[in-house]
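The values are calculated or read from the model by the stated rules, or taken from the named source; none is laboratory data. None of the values given here were measured: they were computed from a predicted structure. Here the Cβ positions follow ideal geometry from the backbone for every residue, glycine too, while neighbour counts run over all protein chains shown.
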Amino acid sequence: MIRYNLNQMADGRFVIYIEGHAEAGPKGQDLVCAASSALASALNLGVMRLEAEGRTKSADIRVADGDVSVDFTPAENESERALGLVNTITDAFVWLESCYPDNVCVV
């Protein structure tokens, strides 16, 4: 099962974990895995863009064996933009969970 876990800290920092395997099909043919990977990539690219534009105070992205960890703090006055990115990805994972509840869990 893929687990999506979002934490927004009191200081405005976002900590997001995407872990596990969908196991909804054979390796290389698992559409749930492909969808989750696309969403994780979109999150990573969005945070990297915010960082490149100087819109974060800090950003740490880690990918290992299919698990993704994103930890970032928006720069001052950039919280709304960051929240838009995070809400879009979260909404997509919630939708994916509603379609594939045996394979995706939003914590």
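Restricting to the range 45-75, name every residue that is assigned to a helix (DSSP H, G or I) and either under 20 Å from GLU97 (Cβ atoms) or among the small types (Gly, Ala, Ser) (or both). Reasoning before the result, please.
Just the residues of the range 45-75 that are assigned to a helix (DSSP H, G or I), to begin with: 45-52.
Correct list: GLY46, ALA52.
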- Query: Listed residues THR56, THR88; which is surrounded by 19 or more Cβ atoms within 10 Å (Cβ to Cβ) and more than 14 Å from ILE18 (Cβ to Cβ)?
  - Reply: THR56
- Item | Residue that is surrounded by the most Cβ atoms within 10 Å (Cβ to Cβ) [pool: residues in the range 59-77 that are among the polar types (S, T, N, Q) and modelled with pLDDT of 95 or more] | THR73
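Here is a check on your reading of the model: is GLY25 touching a Cys at 6+ places or on another chain (Cβ under 8 Å) and farther than 16 Å from ASN7 by Cβ?
On the way: touching a Cys at 6+ places or on another chain (Cβ under 8 Å): yes; farther than 16 Å from ASN7 by Cβ: yes.
Criteria met by GLY25.
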- Would you check if there is a residue in the range 24-31 being closer than 18 Å to THR88 by Cα and at pLDDT 95 or above? no
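Regarding the range 34-41, can at least one residue be identified that is assigned to a loop (DSSP other than H, G, I, E, B), at negative phi and buried (at least 16 other Cβ atoms within 10 Å of the Cβ)?
In the first step, residues of the range 34-41 are kept if they are assigned to a loop (DSSP other than H, G, I, E, B); the result is none.
There is no residue in the range 34-41 that is assigned to a loop (DSSP other than H, G, I, E, B), at negative phi and buried (at least 16 other Cβ atoms within 10 Å of the Cβ).
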